[in-house]
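This report concerns only the one structure given below.
The values are calculated or read from the model by the stated rules, or taken from the named source; none is laboratory data. Predicted model, so just to flag it, every value in this text is computed and none were measured. Please note: Cβ atoms are built from the backbone with ideal geometry, for glycine as well, and neighbour counts cover all protein chains shown.
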């Protein structure tokens, strides 16, 4: 059966990822690659999390050394730069990227959601924050009923589909991170949580 392609939007804290978030992000991307060809990753070209996802996308290899998956992660990086340069990362075009026209934070965040099939969000806080670009993007994605994965600083993870919370999966992923053999045991659950067919 032909694999579907998927485009992933990305938003995250300017603080950057914690070590737990980085490991969790790689696990999630690896699992998504088992089911889909990740065609594009869209990010907002800010310092912190955007820089880090940009670096992950530049390395054509398996995301996890212990992975049993044969999936190779090397998507086109679509950069949505802001007009305000003070916190811009200026991620370069290094062969597998496209840099779009500069827009305001709000317009560019909406574009990231509108142009993709799902959103991965890296929160800098343990709960929702009102005055936050990352959380404003998450709220817009919920309004648009996009598939959303939110990773908190301690690696707690929430998954939303059609605006509704599906399940907290931190316990499941913590097992996976501790024991590579759990990889096989979690495939059925992950097939339900991470297979997000296009509407």
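Before moving on, here are some points about what is shown:
- Some residue of segment 77-92 being closer than 17 Å to residue 10 by Cα, in a strand (DSSP E or B) and at pLDDT below 80: no
- Picking from residues in segment 133-160 that are assigned to a helix (DSSP H, G or I) and free of Cβ contacts under 8 Å to residues at least 40 places away in the same chain, the one that is farthest from residue 23 (Cα to Cα) is 143.
- Qualifying residue in segment 109-130 (condition: surrounded by fewer than 17 Cβ atoms within 10 Å (Cβ to Cβ), touching a strand residue (DSSP E or B) at 6+ places or on another chain (Cβ under 8 Å) and modelled with pLDDT of 90 or more): yes
- Enumeration of residues in segment 3-19 that are farther than 13 Å from residue 153 by Cα and modelled with pLDDT of 85 or more: 5, 6, 7, 8, 9, 10, 11
- Within segment 20-62, being part of a helix (DSSP H, G or I) and over 24 Å from residue 154 (Cα atoms) holds for 34, 35, 58.
- Output for segment 100-123, where each listed residue is touching a residue at least 40 places away in the same chain (Cβ under 8 Å), assigned to a strand (DSSP E or B) and out of contact with any helix residue (DSSP H, G or I) (no Cβ under 6 Å at 6 or more places or on another chain): 118, 120
- Index of the failed condition, residue 47 passing every other in (1) under 25 Å from residue 128 (Cβ atoms); (2) at pLDDT 85 or above; (3) crowded, with 21+ Cβ neighbours inside 10 Å: (3)
- Subset of segment 143-163 [surrounded by fewer than 17 Cβ atoms within 10 Å (Cβ to Cβ) and either out of contact with any helix residue (DSSP H, G or I) (no Cβ under 8 Å at 6 or more places or on another chain) or under 17 Å from residue 44 (Cβ atoms) (or both)]: 143, 144, 145, 161, 162
- The single condition from (1) modelled with pLDDT of 95 or more; (2) touching a strand residue (DSSP E or B) at 6+ places or on another chain (Cβ under 9 Å) that residue 97 fails is (1).
- Counting only residues that are over 16 Å from the mean Cα position of the chain (by Cα) and within 23 Å of residue 146 (Cβ to Cβ), segment 100-134 holds 16 of them.
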